[in-house]
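For reference, the structure discussed in these notes is given below.
The values are calculated or read from the model by the stated rules, or taken from the named source; none is laboratory data. Since the structure is predicted, the reported quantities are computational estimates derived from the model, not experimental observations. Using ideal geometry, Cβ is built from the backbone for each residue, glycine included, and neighbour counts are taken over all protein chains shown. Please note that ligands, DNA and RNA were not included when accessible areas were found on the heavy atoms of the full protein model with its side chains. Shrake-Rupley method; radii C 1.70, N 1.55, O 1.52, S 1.80 Å.
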Amino acid sequence: QVQLVESGGGLVQAGGSLRLSCTASRSISSFPHMGWYRQAPGKQRELVASITSGGITNYANSVKGRFTISRVLAENTVHLQMNSLKPEDTAVYSCNTYWRATDYWGQGTQVTVSS
């Protein structure tokens, strides 16, 4: 079993920044990857950014150059630094990992960007 707890969402003006955090209940070095997804009202959930156990990162085209995913292994935490936020970034952001044939999700955190 893995519990993922997100924090750091909120309301920010366009152009502002937020940092999301996802803390796991066990060592994240044992996970093949961790990712941040988002889902806006009326839209499908999409992958925003991911990081593998080897530290390789991947980003959606819409956030490249603005968002950065990173991790602190000693804290079992993955961060998503979001800069130059746009109203279209408004969504519920959720942390995800896959371990021992099971998908795990956090509860989600709301990010709202006002214009």
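Looking at S53, S70, S84, which is the one that is surrounded by 13 or more Cβ atoms within 10 Å (Cβ to Cβ), farther than 15 Å from Y104 by Cα and touching a helix residue (DSSP H, G or I) at 6+ places or on another chain (Cβ under 9 Å)?
Values: S70 fails: touching a helix residue (DSSP H, G or I) at 6+ places or on another chain (Cβ under 9 Å); S84 fails: touching a helix residue (DSSP H, G or I) at 6+ places or on another chain (Cβ under 9 Å).
Every option except S53 fails the conditions.
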**Any pair with Cβ under 6 angstrom, 6 or more apart, that starts in the range 82-110 at a residue that is under 20 Å from H33 (Cβ atoms) and modelled with pLDDT of 95 or more and ends at one that is among the basic types (K, R) and open to solvent by less than 30 Å² (accessible area, probe 1.4 Å)** = Y93/R38
**Request:** Scan the range 50-59 and give yes if some residue there is assigned to a strand (DSSP E or B) and under 20 Å from L11 (Cα atoms), otherwise no.
**Result:** no
**Prompt:** Going through the range 60-89 one residue at a time, which ones are more than 13 Å from the chain's Cα centre (by Cα) and within 22 Å of G42 (Cβ to Cβ)?
**Reply:** N61, S62, L85, K86, P87, E88
**Message:** I need the full set of residues from the range 60-99 which are more than 25 Å from S114 (Cα to Cα) and in a strand (DSSP E or B), in order please.
**Reply:** S70, R71, V72, T77, V78, N96, T97, Y98, W99
**Request:** Hey, could you check the range 22-39 for residues that are assigned to a loop (DSSP other than H, G, I, E, B) and out of contact with any helix residue (DSSP H, G or I) (no Cβ under 8 Å at 6 or more places or on another chain) and say which is surrounded by the most Cβ atoms within 10 Å (Cβ to Cβ)?
**Result:** F31
**Item:** Check on V5, under 13 Å from E88 (Cα atoms) and either assigned to a helix (DSSP H, G or I) or touching a strand residue (DSSP E or B) at 6+ places or on another chain (Cβ under 8 Å) (or both)
**Value:** no
